[in-house]
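Down below is the structure, laid out as structure tokens.
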Amino acid sequence: MLLLVSSPSGAGKTSLSRRLVADHLDLILSTSATTRAPRPGEEEGREYYFKSGEEFQAMIAAGDFLEWADVHNHRYGTPRAPVEAALAAGKDVLFDIDWQGAKAIADQMPSDSVRVFVLPPSWSDLSRRLHARAQDSEEIINLRLDRGREEITHWGEYDYVIVNKNFDRAYADLGHIYRAERMKPGRNPWLPEFVQGLAEE
Ligand code: 5GP
């Protein structure tokens with residue numbers, strides 16, 4: 001299963017996603033490549049693979065990305081190989097990704113994809129959170145808020161929508177979505193043999 005989680009910057013999708021992955025051994029987080037600079041505390045290979053414009057371009061040319069997009073004047077892309085390896089090993093993959101990336105992946109793998117959109121409870125709350133995390137300049141925060149206004153126009157393309165008013169509640173909702181989708185028969189190839197075994201017992 002490919003769990004695609006989008007939201008405007010600051011609505012909490014990264015915290016929700018990281019906790020879901022920490023709580024589920026068979027769910028891994030896709031680590032994107034980006035041309036933006038690391039923020040304080042970010043580590044190469046943990047939050048992102050940080051690339052120069054030239055390196056990113058070379059990866060595009062080599063077909064290394066499942067999808068890539070321009071976001072906030074930088075490029076972000078999903079490396080293909082780790083996703084394919086995870087799926088081959090029977091793992092699920094979570095993507096913290098903007099609407100363009102979610103659409104590109106869902107278009108390529110519609111039956112495996114589940115899309116979740118996280119909304120902030122209010123715009124003033126979102127602005128407050130972006131200021132509180134104190135990682136970006138005022139100019140970048142305004143760019144993120146403007147882009148967020150565009151991002152939320154895509155909410156109707158998603159399978160599930162969570163309003164992140166309370167983190168624990170929102171996290172529980174995300175967990176329920178993941179667990180319910182995980183139990184769909186088509187996502188459990190071992191089921192026919194299991195049921196056959198039951199019938200023969
Ligand atoms: P940030 O700079 O705050 O880490 O991320 C900015 C935006 O880029 C977020 O909406 C994030 O979900 C999105 N993003 C991160 N990685 C990717 C990716 O690989 N592909 C796409 N299309 N968007 C991404």
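The values are calculated or read from the model by the stated rules, or taken from the named source; none is laboratory data. Owing to the predicted nature of the structure, the values given are computational and were not obtained by experimental measurement. Ideal geometry is used to build each Cβ from the backbone, glycine not excepted, and the neighbour counts take in all protein chains shown. Note: accessible area is taken over every heavy atom of the protein model, side chains too, but ligands, DNA and RNA are not part of it. Shrake-Rupley method; radii C 1.70, N 1.55, O 1.52, S 1.80 Å.
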Subset of segment 73-89, residues within 12 Å of the ligand (Cβ to nearest atom) and either in contact with a Leu (Cβ under 8 Å, 6 or more places away or on another chain) or open to solvent by less than 60 Å² (accessible area, probe 1.4 Å) (or both), comes to 73, 76, 77, 78, 79, 80, 83
Please count how many residues of segment 25-49 are over 15 Å from residue 69 (Cα atoms) and crowded, with 17+ Cβ neighbours inside 10 Å. 5
Right, residue 164: at pLDDT 95 or above, among the polar types (S, T, N, Q) and within 16 Å of the ligand (Cβ to nearest atom) or not? yes
Restricting the search to segment 32-58, which residues are in contact with a Ser or Thr (Cβ under 9 Å, 6 or more places away or on another chain), outside any helix (DSSP H, G or I) and within 13 Å of the ligand (Cβ to nearest atom)? 32, 33, 35, 46, 47, 48, 49, 50, 51
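Among 107, 92, which is the only one that is acidic (Asp, Glu) and within 13 Å of the ligand (Cβ to nearest atom)? Walk me through it before giving the result.
Details: 92 fails: within 13 Å of the ligand (Cβ to nearest atom).
Result: 107 is the single residue among 107, 92 that is acidic (Asp, Glu) and within 13 Å of the ligand (Cβ to nearest atom).
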Filter pass, residue 140 being among the β-branched types (Val, Ile, Thr), within 26 Å of residue 68 (Cα to Cα), out of contact with any helix residue (DSSP H, G or I) (no Cβ under 6 Å at 6 or more places or on another chain) and at pLDDT below 95: yes
Where a residue in segment 181-201 is in contact (Cβ under 8 Å) with a residue 12 or more places away in the chain and its partner, wherever it lies, is acidic (Asp, Glu), with Cβ under 8 Å and at least six apart: 182/92; 187/181
Among the listed residues 20, 25, 4, 16, which satisfies the condition of being more than 9 Å from the ligand (Cβ to nearest atom) and assigned to a strand (DSSP E or B)? 4
